[in-house]
Amino acid sequence: MALYAAAAAVLAGVESRQGSLKGLVYGSNFQNVKQLYALVCETQRYSTVLDAVIASAGLLRAEKKLRPHLAKVLVYELLLGRGFKGRGGRWKPLLDRHQARLKAELARLKVRRGVSQNEDLLEGGSKPGPASQVPRFVRVNTLKTCCEDAVDYFKRQGFSYQGRASSLEDVRALKGKCFLLDSLLPELLVFPARTDLHEHPLYQAGHLILQDKASCLPAMLLAPPPGSHVIDACAAPGNKTSHLAALLKNQGKIFAFDLDAKRLASTATLLARAGVSCCELAEQDFLEVSPSDQRYRQVQYILLDPSCSGSGMLTRQLEEPGTGVPSQERLRALAAFQQRALSHALTFPALRRLVYSTCSLYQEENEDVVRAALQQSPAAFRLAPVLPSWPHRGLGTFPGAEHCLRASPETTLTGGFFTAVLERVEVPSSVSQAEASAPEVTPNPAPKRKRRRRKATAAPSSQPGM
């Protein structure tokens, strides 16, 4: 009944009060009962969507006198209905104050769910959410083994190797003990969703790293050749650091920073188990690291994955769906830190390639941060066009934003993620032109599904390798 009263009030352009429904429906200010019924039905149909948008926009917190049912009808009419062009009555000032924020939150909701149409936001009953369908990605640690040996080990355990995936449909079709080689990353194996490998001997010995595909993109796109000096600006928990070390083949140097002592200790344990020997860990704020320090004079590659809202993390989507929406104050604080960190990273004199990434879905932490950094160094750095076939691109908030990559359970069958590659327009004089061309990422040939019989290898030791 309250929703009918609110809908009638919106259509009549007057404030609804308890007991005034009959007057609103049949009074001189409102004649079309069918229009009222349609508005109520559509508002109810989009109820979950409207609740999410209203909550993330903080509408009821900002307008404490606004009743929830009235807010829901107003927001429906503004975003999904006919709008309030040339009308709006007493609510026009309120709508004007919050219109931009509400529209932005609706756009973010579409990004998070990987849809473009309002209709696609409607939930399909008890159908499992996209996050629960994301497969188990397993990166083979090439510091300790090779992909072919890992595939053979799983085959001896009764798993069925299906070769290299050719499409997302191949991945969606995975069931039981079948597994694939990823279509893009040459050392990434793909298992059905909910495959638990935490007790697997290869994982415990550091031969395998349980790492989402989207989280593997930053190191892969940074692509430092062996012998390079690299900074991992916010290193914990260490998966990306170990990936960098594998790409370097433990040749060169990784300077890894993190302020959290406990997380840094966990990182050290992970790196030891993975056999990483080229990394120097430091409990230090990256913002306090001096670009003029002679230790970093050869750093040409930086991976910056700063603290963020974590809104794209699968664990949050699965365990706390619809909750944990950060406040605007929190987003502004995070974005300010991220922008400072990115701007600071771009001041390292020998830098020629940087990857900025987050596990956030919010524009404020992603495209906005990259745009601000590029505006500060317009002639020095540019967004590199990477992975043109990647299906989910950056939001078109500025020219070139399409070079950024986004990921989500709906569009890429991964966790929610953002990645941008910045490259120096002119290579510093201290770096030779021969070194200036970044190595291209080309997948290695997939291990054959069936070859001549191989000699069985013993299960690896569970002791951490150094």
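The values are calculated or read from the model by the stated rules, or taken from the named source; none is laboratory data. Everything quoted here is computed from the prediction, not taken from an experiment. Quick reminder, even Gly has a Cβ in these numbers, built from the backbone with ideal geometry, and neighbours come from all protein chains shown. Remember, those area values only see protein heavy atoms, side chains included, never the ligands or the DNA or RNA. Shrake-Rupley method; radii C 1.70, N 1.55, O 1.52, S 1.80 Å.
Within the accessible surface of segment 345-435, defined with a 1.4 Å probe on protein heavy atoms only, the carbon and sulfur portion equals 53 percent.
For segment 214-424, relative contact order (Cα pairs under 8 Å, six or more residues apart, normalised by length) works out to 21 percent. Looking at segment 159-249, the trypsin sites (Lys or Arg not before Pro) that sit in a DSSP loop and have at most 11 other Cβ atoms within 10 Å of their own Cβ are Lys175, Arg194. With just the Cα atoms defining each centre, how far is segment 166-241 from segment 334-411? Give it in Å. So the separation of the two Cα centres works out to 22 Å. Largest accessible area first, the residues Glu169, Glu77 order themselves as Glu169, Glu77 under a 1.4 Å probe with ligands, DNA and RNA left out.
Summed over the residues of segment 130-210 and divided among them, the accessible surface reaches 40 Å² per residue at a probe radius of 1.4 Å. Extension gain for the segment Asn118 to Gln251, taken as residue separation times 0.36 nm less the Cα-Cα distance, is 42.8 nm to one decimal.
Spin-label model, Lys155 to Glu402: label points 7 Å out along the Cα-to-beta-carbon direction sit 4.2 nm apart.
Rounded to the nearest whole Å², what accessible area per residue is found for segment 214-424 with the 1.4 Å probe? Present the calculation step by step, with values, prior to reporting the outcome.
Values: 7900 Å² over 211 residues.
Value returned for segment 214-424: 37 Å² of accessible area per residue.
Placing Ser47, Ser389 in order of accessible area, with the largest value first and a 1.4 Å probe, yields Ser389, Ser47.
Taking a ≥ b ≥ c as the square roots of the eigenvalues of the Cα gyration tensor, an a/c ratio of 1.5 or more together with a/b larger than b/c marks segment 130-210 as prolate.
Largest first, the residues Tyr153, Tyr301 sort by 1.4 Å accessible area into Tyr153, Tyr301.
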